[in-house]
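Computed from the coordinates by the stated procedures, all read-outs in this text should not be read as laboratory data. Being a predicted model, the structure only gives us computed values, none of them experimental. Cβ placement follows ideal geometry from the backbone for every residue including glycine, while neighbour counts extend to all protein chains displayed.
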Amino acid sequence: MIVILLGPPGAGKGTQAQRLQADHGLKQLSTGDMLRAAVKNETRVGRLAKEAMDAGKLVSDDLVVQIIADRIQEDDCATGFLLDGFPRTVAQAEALDVMLSDIGRKLDAVIEVTVPDSILVERVAGRYACAKCGAGYHDRFKKPAQAGVCDQCGSTDFIRRDDDNAETVRTRLDAYKKQTEPLLPYYQEKGVLLQVDGEQSIDAVARTIDEALGV
Ligand code: ADP
Ligand code: AMP
């Protein structure tokens, strides 16, 4: 199964992608995670992406399209994958159509996770992740079972993203509205768009997504 998760920063895409990967074996492909790893490792891609990411702007289409084109050909994507944070522009969506047709596969569903702007800042400001395994948490909405210890791997090291500050969130939200929202009619016309109310609890969103996908 090939699924896209769409939604503004803080909507809950990564949270649901991690869960879908754990529960249903759909490989999570997060361009944000891949780009952050590239910046950390100071690769060529990382050097090209850093300035835009720090400012909350989108990196160039060419860069992310190449990353995804290479990644979906790897063995662990053979049975299906979940795109989290890609595509984010109509040009990226068109490039994805070509990539999928080149490998003889098709998109099963696009899930738009809808959340009002007013709650996104709190979602993003309280977000943190395990530094070792990447499991995502929130100061209020998703605390580890044992304070300060990752549920998944037991690590006690956590990190917060540099771009998760109120100012950058506004730029990222603006980029979403201007550059990514045009994907909604694009996928609506293809008959693959499903909408899920992302304001519900994490577990309720999970149940709604599973029902929508029939998994
Ligand atoms: P995205 O990947 O769309 O930017 P995340 O999945 O990282 O968003 O979620 C942003 C923050 O909000 C995280 O800290 C996460 O734990 C929390 N979160 C995700 N879904 C919900 C929800 N339905 N209710 C409350 N908090 C949530
Ligand atoms: P995310 O982790 O999805 O919130 O992405 C973090 C940042 O990475 C974004 O603000 C962009 O700068 C960059 N990024 C991630 N995915 C893409 C994409 N598909 N197109 C352009 N930029 C992206």
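Brief remarks on what is shown
- With the simple spin-label model, which puts each label point 7 Å out from Cα in the Cβ direction, the Asp23 to Asp174 separation comes to 3.7 nm.
- The residue among Leu183, Val59, Cys77 whose Cα reaches farthest toward the positive pole of the charge dipole of the chain, with charges on the beta-carbon of Lys, Arg, Asp and Glu, is Val59.
- Available extension along the chain between Asp162 and Lys106 is 16.6 nm, counting 0.36 nm per residue and deducting the alpha carbon span.
- Fraction in percent of alpha-carbon pairs per bin - 10 Å, the stretch 91-174: 15, 30, 27, 25, 4
- Model label points for Leu184 and Cys133, set 7 angstrom from Cα along the Cα-to-Cβ axis, are 3.6 nm apart.
- Theoretical FRET efficiency, 1/(1+(r/R0)^6), r = Cβ-Cβ of Ala147 and Arg207, R0 35 Å, to 0.05: 0.85
- Estimated vicinal HN-Hα couplings, Hz - the stretch 86-97 in sequence order (Karplus 6.51, -1.76, 1.60; Gly, Pro = x): 9, x, 10, 9, 4, 4, 5, 5, 5, 5, 5, 4
- Residues of the stretch 14-47 falling in the label zone of Asp62, defined by backbone nitrogen less than 16 Å from a point 7 Å along Cα to beta-carbon, are 44-47.
- Straight-distance candidates among the aspartates and glutamates for linking to Lys190, with alpha-carbon spacing under 20 Å and chain neighbours fewer than 8 residues away dropped: Asp84, Glu94, Asp97, Asp102, Asp108, Glu112, Glu181.
- Förster-model FRET efficiency, 30 Å R0, Asp75 and Asp197, C-beta, rounded to 0.05: 0.25
- Where Rh is the Kirkwood radius over Cα pairs, Rg/Rh for the chain: 0.93
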